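Read the figures in this text as sums done on the coordinates, not as results from a lab. Treat the numbers as computed from the prediction; the structure is a model and nothing was measured. Cβ placement follows ideal geometry from the backbone for every residue including glycine, while neighbour counts extend to all protein chains displayed.
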Amino acid sequence: TYVVTDACIKCKYMDCVEVCPVDCFYEGENMLVINPSECIDCGVCEPECPAEAILPDTESDLEKWLELNTKYSAEWPNITVKKDSPADADEHKGEEDKFDKYFS
Ligand code: SF4
Ligand code: F3S
């Protein structure tokens, strides 16, 4: 599966939503997550994210993000249509420690 990581937080560009063939993105206030049990591993979303927030869970140290994507995709609403990203999205692109600063 692919997972959304902290680079998405406060950026939410949502280009990923448009390309996913199985609509497996779920929307929280500050970020999106993927439902790992619905993701078909096509990889189409990975290069579409301007923040490079989407990674295959085969990369190292992504267990935390796999758990977070699994947990919140069960709680947050499904999103199938791209919306406007936050006005200050570009200011948060590449920012460090976004999870600790903003995720609640
Ligand atoms: Fe959707 Fe494919 Fe990305 Fe999985 S890898 S979230 S199926 S676009
Ligand atoms: Fe987030 Fe990137 Fe999608 S910033 S909303 S994972 S396009």
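Compute the relative contact order of the chain as a whole-number percentage, counting only Cα pairs closer than 8 Å that sit 6 or more residues apart in sequence. Let's see the in-between values first.
Working: 187 pairs, mean separation 45.3, N = 104.
44 percent.
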Note down the magnitude of the dipole of segment 2-81 about its Cα centre, charges +1 on Lys and Arg C-beta and -1 on Asp and Glu C-beta and zero elsewhere, to the nearest 20 debye.
200
Residues ASP61, ASP15, ASP88, sorted so that the one with the fewest Cβ neighbours within 10 Å comes first:
ASP61, ASP88, ASP15
So which cysteines in the chain don't have a second cysteine's C-beta under 4.7 Å from them?
CYS8, CYS11, CYS20, CYS24, CYS39, CYS42, CYS49
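Based only on other Cβ atoms within 10 Å, what is the fewest-to-most ordering of VAL19, VAL81, VAL4?
On the way: VAL19 14, VAL81 8, VAL4 27.
Lowest to highest Cβ neighbour count: VAL81, VAL19, VAL4.
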Report the paramagnetic label zone for ASP23: residues of segment 1-15 whose backbone N is under 19 Å from a point 7 Å from Cα along the Cα-to-Cβ axis.
14-15
Provide, in order from the shortest bin, the percent of all Cα-Cα pairs of the chain in each 10 Å bin, continuing until the bin that contains the maximum pair distance.
17, 56, 27, 1
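Please arrange VAL17, VAL22, VAL33, VAL44 by how many other C-beta atoms lie within 10 Å of their C-beta, fewest to most. Kindly include the intermediate steps, with their values, before the conclusion.
On the way: VAL17 21, VAL22 11, VAL33 24, VAL44 15.
The fewest-first ordering by Cβ neighbours comes to VAL22, VAL44, VAL17, VAL33.
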³J(HN,Hα), Karplus 6.51/-1.76/1.60, whole Hz, each residue of segment 26-39, x for Gly, Pro:
10, 10, x, 4, 10, 7, 9, 10, 9, 7, x, 7, 9, 4
